[in-house]
Each structure stands twice: as structure tokens, then as C-alpha cells.
1. State whether the residues of segment 61-70 include one that is modelled with pLDDT under 75 and of a type in the set (S, T, N, Q).
2. Would you check which residues across segment 110-155 are among the basic types (Lys, Arg), at negative phi and part of a loop (DSSP other than H, G, I, E, B) and list them?
3. Are any residues in segment 17-51 over 16 Å from Leu118 (Cβ atoms), surrounded by 14 or more Cβ atoms within 10 Å (Cβ to Cβ) and aliphatic (A, V, I, L, M), and if so, which ones?
4. Looking only at segment 1-47, how many residues end up being in a helix (DSSP H, G or I) and among the aromatic types (Phe, Trp, Tyr)?
5. Going by the conditions given, is Phe53 within 14 Å of Asp134 (Cβ to Cβ), within 19 Å of the chain's Cα centre (by Cα) and at pLDDT 85 or above?
Amino acid sequence: MSRLKGLLWPALVAAALDQAAKLWLAAKLPPGGRIRLAPFLDLVHVRNPGVAFGVFSGTRPEWLLLALTFLGWLVLFGLAIWFSPRGRRSHLALGLALGGAAGNLIDRLRFRGVVDFLDFHWGRLHWPAFNLADASLCVGFALLVWLWFQQSEKN
């Protein structure tokens, strides 16, 4: 049970922060809106009907997006079982990844797309807009990989 708690808390916090940020955004900025926060960062309100970085956002069958979403969940649960997290760092890593996946899944089920709002750029270089769920997923996976390499070095 403590393993489950160790995964659930980071997941719940990550998903809740993501959804709260999106609710705040919807109240403050209309879809398509943009606010310059810094020379390299804009707050935007965009919907991404595709998957990561807008892949399949043009003409796409709805079943494909749902299949890719559920495939992502299967991969996460497979990692959780395979990695069999032990310790706070691995609980945090998997919890962040699960929370990020949950935040985006909630959007996909509610809006048929994901709400993105962080837009980083520098001159002509531009990173696709993303959200806190995406950041949580990336940090969680990066931490998982780091922990995996640490564990491999010990063996």
C-alpha cells in the first residue's frame, strides 16, 4: 500500500496543478490569445488536437488519437510494473509521469485535444507550446531513465 501512496501523491499533485492552471488560463485568456511574459516566453491558449508536438493534428481519425493515448497509458503501467519502484525517487518519477499522462488524458476526453499554454521562443527558434502535464511527463521520464542508469551501474 505504501508503494501505491508513493505513486499516487505525485500523480495527483501533478494532474491537479495542470488542471488548475488550465482552468485559470481559460478564465483569463480566450482561445488563441497570447500574453508576452518575457522576451523568450509567451502565455498562449491553444488546443492541440494531435499528440505530442501536434503530430496528427491535421486530418486524423479520432480512433488513432484514442489508441495512441491508451497505448501511452499501457506503456506507463508497463514501466511501473517492470521498474517495480522502490524508494522515494522512483515513486516520484513514476508519479510525475502518471500525473502528466492523467492531466492530458482529462483534456483529451473533455476537449478532444490537449490545452497548451507555455510558449518558449528565442528569435526565430521556437519550441512547440506545451503544458504542465507535458512538463511533468518529461521530468518523470528523465528521472526514471537517470534512476535506471544508476541502478544499472550498481549491478
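1. Yes, the conditions are met somewhere in segment 61-70.
2. Kept after step one, since they are among the basic types (Lys, Arg), are these residues of segment 110-155: 110, 112, 124, 154.
Subset that is at negative phi: 110, 124, 154.
Arg124, the sole residue that qualifies.
3. Hit for segment 17-51 is Val51, nothing else.
4. Number satisfying all stated conditions: 2.
5. So Phe53 fails the test.
The values are calculated or read from the model by the stated rules, or taken from the named source; none is laboratory data. Please read these numbers as outputs of a predicted model, since none were measured by experiment. Because the Cβ atoms are built from the backbone with ideal geometry, glycine has one as well, and the counts that use them run over all protein chains shown.
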